[in-house]
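Enquirer: Provided herewith is a single structure, encoded as structure tokens, for subsequent inquiry.
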Amino acid sequence: MKAFFVLILFFFFAVGAVFAQNNTDNEDDEVTYVRHRKERHWNRGRIKTLSGRGYHSGGFGAISFRASEFQDETIVMTGFRGGWIVNRTLAIGFEGHGIIPTAEFNEVLPGRNAILLGGYGGMFLEPILFSNEVVHVTFPIAGGAGWLGYHDDWENDNNSDFDEIIDDDVFWYLEPGIGMEINVARHFRVAMGVTKRFTQDLELEFSREQDFENVNYFLTLKFGRF
């Protein structure tokens, strides 16, 4: 429950920062209102939004790489992200990540070694601060569902009877983070940073639920219209 409240505070801080940036960007508009009172009067009843008056829409697709730990073993994940960018201040989209099966676990059962398989994905929100600057900051937060399981290590197990899932389970996840993004070219950006994964309903034999609740270090290559 404590972690839940921390995440809520984190999200409202990030969204508040976006509003603060948007209000700064609109200072020139306020000067225009002073000079053109008729226009100011006409806009008095309009709803203010994240997009503001100078609306800009973009989008991107990305390849993502992540490194984390599971039971003191390093796990590497690769995946995709894709989304819509609202006025260069907020990205909304979907993501998915899969574990590259390189982590090995010995003797999970007598005479049986295992590798870790799985993945997860869902929807993300990503407030962006100062997107036009060469280096800027993002606050991604994602949530969804995933699957995790132990499979017989097909490289080391010589017994042909052992070629199956030993144990597996599905789970929910929530993953907030912070990233630094670099504008390499007009349509290409590189992002790097850290996220923290929280899971629920993960009951996997030979492990604890918190074994998958670790820090992730990510590198993302983004291509699109920013």
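Enquirer: For residues that are in contact with a helix residue (DSSP H, G or I) (Cβ under 7 Å, 6 or more places away or on another chain) and either over 18 Å from residue 75 (Cα atoms) or free of Cβ contacts under 8 Å to residues at least 60 places away in the same chain (or both), tally how many sit in the range 187-202.
Expert: The number of residues fulfilling the criteria is 2.
Enquirer: Is the range 215-225 home to any residue that is assigned to a loop (DSSP other than H, G, I, E, B) and not hydroxyl-bearing (Ser, Thr, Tyr)?
Expert: Taking the range 215-225 as the starting set, the residues that turn out to be assigned to a loop (DSSP other than H, G, I, E, B) are none.
Among the residues of the range 215-225, not one is assigned to a loop (DSSP other than H, G, I, E, B) and not hydroxyl-bearing (Ser, Thr, Tyr), which makes the answer no.
Enquirer: Right, residue 62: touching a Lys or Arg at 6+ places or on another chain (Cβ under 8 Å) and not charged (D, E, K, R) or not?
Expert: Details: touching a Lys or Arg at 6+ places or on another chain (Cβ under 8 Å): yes; not charged (D, E, K, R): yes.
Considered against the rule, which asks whether it is touching a Lys or Arg at 6+ places or on another chain (Cβ under 8 Å) and not charged (D, E, K, R), residue 62 comes out as yes.
Enquirer: Which number in (1) polar (S, T, N, Q); (2) over 20 Å from residue 198 (Cα atoms); (3) surrounded by 19 or more Cβ atoms within 10 Å (Cβ to Cβ) marks the one condition that residue 68 misses?
Expert: Only one criterion is unmet by residue 68, namely (2).
Enquirer: Let me ask you something else. Taking the condition of being assigned to a loop (DSSP other than H, G, I, E, B) and surrounded by fewer than 17 Cβ atoms within 10 Å (Cβ to Cβ), how many residues in the range 202-213 meet it? Reasoning before the result, please.
Expert: Restricting attention to the range 202-213, the residues satisfying the condition of being assigned to a loop (DSSP other than H, G, I, E, B) are 202-208, 213.
Next cut, surrounded by fewer than 17 Cβ atoms within 10 Å (Cβ to Cβ) only: 203, 205-206, 208.
Within the range 202-213, residues that are assigned to a loop (DSSP other than H, G, I, E, B) and surrounded by fewer than 17 Cβ atoms within 10 Å (Cβ to Cβ) number 4.
Enquirer: Looking at (1) within 21 Å of residue 104 (Cβ to Cβ); (2) of a type in the set (Ser, Thr, Tyr); (3) in a strand (DSSP E or B), can you tell me which one residue 199 breaks?
Expert: (1)
Rule-based calculations on the coordinates, nothing more; no lab input. All values derive from a computational prediction rather than experimental measurement. Positions of Cβ are backbone-derived with ideal geometry, glycine not excepted, and every protein chain shown enters the neighbour counts.
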